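Quick note: the coordinates plus some simple rules give every number you see, no bench work behind them. Just so you know, these numbers come straight off a predicted model, no measurement behind them. Don't worry about glycine lacking a Cβ; one is built from the backbone with ideal geometry, like all the others, and counts go over all protein chains shown.
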Amino acid sequence: MGIVSQVSIAPTTVNESGRDPILEVRGLRVYFSKESGLIIKKRSMVKAVDDISFDIYPGEFVTIVGETGSGKTTVARCLMGLTKSHDCSIKYKGKEISDMGGKERIEHWRRVQMVFQDPYESLNPMQNVFKIISTPMRLLTKESNPAKLREKVASLLAEVGLDASEVMNRFPHQLSGGQRQRVNIARALAPGPELLIADEPITMLDAEQRLNILFLLKELKQKRNLTVLMITHDLASAQISDRMLIMYLGKLVETGPSRELVSAPHHPYVELIMESAPNLNFDKTILNANPLATDDNPVPEKGCVYQPRCKYATRECSETTPKLEEFSKGRFVACYNPLNTKAA
Ligand SMILES: Nc1ncnc2c1ncn2[C@@H]1O[C@H](COP(=O)(O)OP(=O)(O)OP(=O)(O)O)[C@@H](O)[C@H]1O
Ligand SMILES: [Mg+2]
């Protein structure tokens, strides 16, 4: 699979706090090339992420919300420098991550850590919990004293709500789903990051564990003064965050403070997912009620990506792509016919 990345400058998100952003993303595009057809091969492009810009401020808890395939993981991988995005601009504390050399890149991975999407796949089945957590600690913090490493791993396990004496020597298959996810979080915390990216940290857990993990993230943010970027397809869970970035087919369609966005959404897509689940339990509904664009329902070549499914669409929507623009203080929307205009 090939990859094409380009830059274009799009409107920035809001600086509510007056502080410098910890992360600045401008014009991020990631296009993957796709081959289809058994006999006659056809090549086309998947616009996994298509010209998005946003900032994250120190100490914020932000969520990227979007249905499956909307490009959430691709954004996260770009922020980690794991997916190439040469021509766009991603700055961490003012430093372009694509310009980082070997040592700087390693320091970037110490400061920005990610909890990967699948807690079952992302833990090495051949390593016990001590090895899983102590390895990044040893590599990224240069701590090599075995007794100190054991002490630090035990303290991290306690911090994420696990009993170190019980789980330290266990292998992943000997842990429950919730325990695995806590080990994943402890591993990400091991190098002492400033920004924690958690990709769908609760998707594979039962209802009770989901809440526990959400509250753990919130607690860690407060205790460690962390900045958290959580990725989820579940708008209900995203309400735990300070601010939401709503993605639809590679585009940011709405961003804003979580409470305001949910109480009076401006984008018709957000209204749709809320109408599908009036009690804010969007989890299943968002996946079932909003089928992704497929070859039968392709991404439009021009105009708004959401326009084929939008009940408010006008001619303008099928002709030009709306830009993400500030609609009211701190609220950004990419729509020619925004909703709840009086609430703003
Ligand atoms: N390495 C790759 N090669 C080709 N296509 C890819 C690659 N990675 C992602 N894609 C495509 O890019 C699009 C966005 O994928 P991504 O994994 O970022 O979505 P997502 O929002 O994280 O979805 P999910 O909620 O299912 O995890 C999808 O159409 C996916 O098939
Ligand atoms: Mg994903």
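Check which residues have an amide H placed less than 5 Å from ALA198's amide H, if you skip close sequence neighbours.
Under 5 Å from the amide H of ALA198: VAL115, LEU229, MET230, ILE231.
Given 0.36 nm per residue, what is the gain on full extension from GLU219 to THR68 after removing their alpha carbon distance, in nm?
51.6 nm
Check MET244: other-chain or 5+ apart residues with amide H under 5 Å from its amide H, H built from backbone geometry?
THR63, GLY256, SER258
Of LYS93/LYS142; LYS84/LYS148; LYS152/LYS223; LYS47/LYS342; LYS91/LYS342; LYS72/LYS302, which pairs sit farther than 26 Å apart, going by alpha carbon to alpha carbon?
LYS84/LYS148; LYS47/LYS342; LYS91/LYS342
Find how many whole Å separate the alpha carbon centroid of segment 174-251 from the alpha carbon centroid of segment 76-142.
Centre-to-centre (Cα) distance: 16 Å.
For PHE327, which sequence-distant residues (separation of 5 or more, or a different chain) have an amide H within less than 5 Å of its own amide H, given hydrogens modelled in the peptide plane?
Long-range HN contacts for PHE327: PHE332, VAL333.
Between VAL299 and ARG150, what is the spin-label point distance in nm, taking each point 7 Å from the Cα along the Cα→C-beta axis?
Going from the VAL299 label point to the ARG150 one covers 5.2 nm.
Full-extension gain between GLU275 and LEU211, please, as 0.36 nm times their residue separation minus the C-alpha to C-alpha distance.
Extra length from GLU275 to LEU211 when fully extended: 20.8 nm.
Counting each DSSP H run of 4 or more residues in the chain as -39500 (n - 2.57), what helix-only mean residue ellipticity at 222 nm follows after dividing by all residues, to the nearest 500 deg cm²/dmol?
-9500 deg cm²/dmol
Using each residue's phi in segment 208-223, evaluate 6.51 cos²θ - 1.76 cosθ + 1.60 at θ = phi - 60° and report the 3J(HN,Hα) Karplus result to the nearest Hz, with x for Gly and Pro.
5, 5, 4, 4, 4, 5, 4, 5, 4, 4, 5, 5, 5, 4, 5, 5
Through the Karplus equation 6.51 cos²θ - 1.76 cosθ + 1.60, θ set to phi - 60°, convert the phi angles of segment 333-340 into ³J(HN,Hα) values in whole Hz; use x for Gly and Pro.
Running phi through 6.51 cos²θ - 1.76 cosθ + 1.60 with θ = phi - 60° gives 9, 10, 7, 7, 10, x, 9, 6 Hz.
Need one number: % antiparallel among DSSP beta bridges in the chain, to the nearest 5.
65 percent
Going by how many other beta carbons lie within 10 Å of each one, how would you line up PHE332, PHE327, fewest first?
Exposure proxy ranking, most exposed first: PHE327, PHE332.
For segment 87-92, what does the Karplus curve 6.51 cos²θ - 1.76 cosθ + 1.60, with θ = phi - 60°, yield as ³J(HN,Hα) per residue in whole Hz, taken in order and with x for Gly and Pro?
Going residue by residue, I get 8, 8, 10, 10, 10, 10 Hz, with x marking Gly and Pro.
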